[in-house]
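The values are calculated or read from the model by the stated rules, or taken from the named source; none is laboratory data. All of these numbers come straight from a predicted model, not from anything done at the bench. Neighbour counts run over all protein chains shown; Cβ positions are idealised from the backbone, glycine included.
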């Protein structure tokens, strides 16, 4: 089990903030270099995979939200086909 930090508003709040930051989880850092911005709204998922906390993670692609964190954390990022993964999230009891 791991903890992922997701940038709020799918990383589209402003150009004047650090990617990978959330008010709840704080600043996410690269698994390999703590001074590197992990990039994009799926940065927590990418860092979790890079740190071997998970074999894979599912994120959403809005504006480089998968590709950017994958590149910055030296992992492979694949954009999911629209409609092939749930957009509802985890539903308890199902």
Which pairs have Cβ atoms under 6 Å, sit 6 or more apart or on different chains, and link a residue in the stretch 73-93 that is under 19 Å from residue 49 (Cβ atoms) to one that is modelled with pLDDT under 75 and assigned to a loop (DSSP other than H, G, I, E, B)? 79/61
Candidates 26, 20, 83, 48, filtered to the one that is touching a strand residue (DSSP E or B) at 6+ places or on another chain (Cβ under 8 Å) and either at positive phi or modelled with pLDDT of 85 or more (or both): 20
Across the stretch 57-75, the tally of residues that are surrounded by 22 or more Cβ atoms within 10 Å (Cβ to Cβ), modelled with pLDDT of 80 or more and part of a loop (DSSP other than H, G, I, E, B) stands at 2
